[in-house]
Amino acid sequence: MIAQAILEIKEYVPQALAHVPILIIAKSAADELVGFMGIDGDTLEMLFVADGFRGRGIGKQLLRTGVDQYGVRRLAVNEHNPDARKFYERMGFVVAGRTDLDEQGNPYPLLLMSLE
């Protein structure tokens with residue numbers, strides 16, 4: 001079940017990237033892609049950091065750029081991803097609502113968060 005969900009999400013990401021007005025990427029000193037975020041208006045649509053680069057401040061740096069330079073004030077996070085929720089809470093976001101389904105209509109509840 002989880003493996004199937006991951007495969008579905010992997011297929012969705014390239015489509016989603018095509019529709020995100022602002023895409024910001026993070027590269028390593030060796031010029032390899034280590035993370036990215038997509039922004040639409042005041043909403044963070046996606047934020048990903050490669051597994052081997054997590055815990056190095058890349059996500060924090062990306063999100064700060066989104067907030068400070070692009071006015072990000074809202075985001076949605078999968079309810080079953082407590083690490084992501086904690087990260088966003090440390091960055092000043094609070095849960096403002098909840099959905100029963102994700103953006104594709106799948107039964108993955110989302111927490112709607114906003115910047116305090």
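Inspect segment 57-69 for any residue being of a type outside the set (Phe, Trp, Tyr) and farther than 14 Å from Ile24 by Cα and give the result as yes or no. Yes, because at least one residue in segment 57-69 is of a type outside the set (Phe, Trp, Tyr) and farther than 14 Å from Ile24 by Cα.
When we screen Gly55, Gly97, Gly66, Gly38 for residues that are assigned to a helix (DSSP H, G or I), modelled with pLDDT of 90 or more and not β-branched (Val, Ile, Thr), the only hit is Gly66.
Can you name every residue in segment 18-35 that is part of a loop (DSSP other than H, G, I, E, B) and without any contact (Cβ under 8 Å) to a residue 24 or more places away in the chain? His19, Pro21, Ala29, Ala30, Asp31, Glu32 - these are the residues of segment 18-35 that are part of a loop (DSSP other than H, G, I, E, B) and without any contact (Cβ under 8 Å) to a residue 24 or more places away in the chain.
The values are calculated or read from the model by the stated rules, or taken from the named source; none is laboratory data. These numbers come from a predicted model, not from an experiment. Quick reminder, even Gly has a Cβ in these numbers, built from the backbone with ideal geometry, and neighbours come from all protein chains shown.
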